[in-house]
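The values are calculated or read from the model by the stated rules, or taken from the named source; none is laboratory data. Here the structure is a predicted model, which is why all the values come from computation and not from measurement. Neighbour counts are summed over all protein chains in view; Cβ atoms, including those assigned to glycine, are modelled from backbone coordinates with ideal geometry. We work out accessible area using only protein heavy atoms, side chains counted, and drop any ligands, DNA or RNA first. Shrake-Rupley method; radii C 1.70, N 1.55, O 1.52, S 1.80 Å.
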Amino acid sequence: ARLVVLVSGSGTNLQALLDAIGDDPAAYGAHIVAVGADRSAIAGLERAERAGLPTFVRRVKDYGTRDEWDAALTEAVAAHEPDLVISAGFMKIVGKEFLARFGGRVVNTHPALLPSFPGAHGVRDALAYGAKVTGCTVHFVDDGVDTGPIIAQGVVEVRDEDDEDALHERIKEVERRLLVEVVGRLARHGYRIEGRKVTIQ
Ligand code: GRF
C-alpha cells in the first residue's frame, strides 16, 4: 500500500513507520511515498528528507480561506496517489474536500482514550481531569474532531508525578507501536468500516 504521512511536529510516529518499513516494504505491506506538513522547519520534515522522501508543505495562512487550504492539501496528497493517508501528529482538521477524496482511508492517532479528551490537548486535559489511566487511540478520520471509528487503543497509567511532557512521552511509546501495528495490518489484510465498526480481514 502507498502511504502519505501528514505531520506537524517532531515526527516520531513517522519515524516509527519508517523504521518498521525499513528495507523490506513488501514484508510490512506498505511504503511511504510522501510526507506532508502544515508548517515548515519541523523535525518531521527533516526525518522525511533524511529518508529521501518527497515532502510538501501547505500552510493555512498562505490561503485566503480554510476551504482553499483544504483544496490545496487535497491536491498535494492526491498527487502521490495514496492508498492510506496517515495523520501522525498532524494538528489540523481536514475539510470536506479532503474527506470527499480520502474519506475512509485516513488514519489518525490521538494521545488519549477517545471519546475522552478529544482535541489538541488530550494529554493535558486527561492530566488536569485527574484521570488514573489514559492512553492513545488509532482511528479513521470522519467529519468530526477525533470522532471517527476506532481501530485500536492502548492504555497508559497516569503517575502522581507526571507532568504533561512525561505523560505524553510515555503515551507516545505505546502510540508508535500501536500505529505501526495497525497500519501494517490495514495494508496487508484490507479492512471494512460499517458504521462505527472496523473489521480488518
Ligand atoms: C502524537 O502524540 C500525536 O498523537 C499528537 O501529537 C504527537 C505527535 O508526535 N497529536 P510526533 O510528531 O509523531 O512525534
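Here are some notes:
- When ARG39 is tested against (1) farther than 19 Å from ASP146 by Cβ; (2) buried (at least 18 other Cβ atoms within 10 Å of the Cβ); (3) among the charged types (D, E, K, R), only condition (2) is not met.
- First in region 186-200 and on the phi > 0 side of the Ramachandran plot, second anywhere and among the aliphatic types (A, V, I, L, M), Cβ under 8 Å, 6 or more apart: GLY190/ILE200
- Screening region 1-24 for residues that are surrounded by 20 or more Cβ atoms within 10 Å (Cβ to Cβ) and of a type in the set (Gly, Ala, Ser) and picking the one that is nearest to the ligand (Cβ to nearest atom) gives GLY11.
- Residues of region 115-128 classified as within 11 Å of the ligand (Cβ to nearest atom) and either part of a strand (DSSP E or B) or open to solvent by less than 30 Å² (accessible area, probe 1.4 Å) (or both), total: 3
- Qualifying residue in region 168-181 (condition: in contact (Cβ under 8 Å) with a residue 60 or more places away in the chain and open to solvent by 60 Å² or more (accessible area, probe 1.4 Å)): yes
- Selection from region 30-49 of residues that are more than 11 Å from the ligand (Cβ to nearest atom) and either at pLDDT below 95 or in a loop (DSSP other than H, G, I, E, B) (or both): ALA30, ASP38, ARG39, SER40, ALA41
- Within region 113-160, the set of residues being among the polar types (S, T, N, Q) and under 24 Å from GLY103 (Cβ atoms) comprises THR137, THR147, GLN153.
- Filter result for ALA27 (surrounded by fewer than 16 Cβ atoms within 10 Å (Cβ to Cβ), among the hydrophobic types (A, V, I, L, M, F, W, C) and away from the ligand (no atom under 15 Å from the Cβ)): yes
- Any hit, region 50-71, residues being crowded, with 16+ Cβ neighbours inside 10 Å and within 13 Å of the ligand (Cβ to nearest atom): no
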